[in-house]
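Comments concern the structure below.
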Amino acid sequence: MDVSSDIRNISGNWVMDKERSSGVDDVFKLQGIGWITRKAIATATTTLRITQTSDVDSSTTVPTEWMMLEPALTGGLKGVSEKRPLTWAEFEHHDTLFLPVKIRSRYIGGAKISNNRIQPVTELQSYAAGSDAVLFLTGAVVTDLEAQDAKETIEKAFTHDFVQSVTSGWTAEQIWAVETIGSKKFLTRRILVVQGSSIAVLDSCARAPEQLEIAFHECRSQEVRLQNALKVSDPLAVLGFTKTLLFKVETNHSRFIIPLLYADTVVDSIVDTLVSGWSKTLFLP
């Protein structure tokens, strides 16, 4: 999946990069998530499928942009799909983890400051959390977006969310960005959770999983190409470390074990499919 620099073009599957993300425990604890559930989430691989669409409001004939979010954990466990209008209009969402919440979402602009860094420009809802919290949410990110006018400002450079728990009293505010880290682009989220006088922050970083590429293998004097036969997508779970996989090719007469080194991500799931008459199973050794 090619990663765009535009926050309006992030449709696809994203995998949380734990090495580049801060821990989720403090945030989830403040949101009332139990210890067992917190530990299960912390050890699982989190994926998020995003679909961005637009339609026209029949009453105003004004185009409305939407963002569909479909979260999932290792093993194919899926959360509740959520369709967010990017209009800052409040709507209620019933989540299996956070229960009922009220959400507002919108695109916001960014100010280009220096060294290809862009800073969110918005009116935050969590000013009562203090200046450090505000600085965290509005921290500049490195991107290759280009300013569109002489004022060095960029429209729709970030996504801004504000979430309120209906039953537990906490709020969560987050800024989404497509950020360049090293030579790669990541979907990042800076999240601030407030519960009374307590606050917690989460710096989340997600990457787009590449497709598995399987080299040529000669079998029974016939060259069989199994390249890009398997794609990383739900309900597959992707883990953030390098591991050697075994690719098992079975025919009616023979069975072959092919070692496959897939850098950065591995599939933690058993996947069955049929490619050109060959039954294949990808599994961890």
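Things worth noting here:
- Applying the criterion of at least 2 residues that are within 21 Å of the chain's Cα centre (by Cα) and under 24 Å from residue 72 (Cβ atoms) to the strands (runs of 3 or more DSSP E) found wholly in segment 93-177 leaves 99-112, 153-165.
- Qualifying residue in segment 138-153 (condition: crowded, with 16+ Cβ neighbours inside 10 Å, assigned by the TED database to the domain that holds residue 203 and either touching a Gly at 6+ places or on another chain (Cβ under 7 Å) or farther than 21 Å from residue 5 by Cα (or both)): no
- Hits in segment 121-143 (condition: among the acidic types (Asp, Glu) and farther than 15 Å from residue 160 by Cα): 132
- Restricting segment 68-116 to residues that are β-branched (Val, Ile, Thr) and under 22 Å from residue 11 (Cα atoms), the residue that is modelled with the lowest pLDDT: 74
- Test set (1) surrounded by 20 or more Cβ atoms within 10 Å (Cβ to Cβ); (2) in contact with a His (Cβ under 8 Å, 6 or more places away or on another chain); (3) among the aliphatic types (A, V, I, L, M) - residue 103 fails condition number: (1)
- Yes/no for residue 210 being modelled with pLDDT under 90, on the phi < 0 side of the Ramachandran plot and assigned to a strand (DSSP E or B): no
The values are calculated or read from the model by the stated rules, or taken from the named source; none is laboratory data. Computed from a predicted structure; not experimentally measured. Counting neighbours? That spans all protein chains shown, and the Cβs are built from the backbone with ideal geometry, glycine included.
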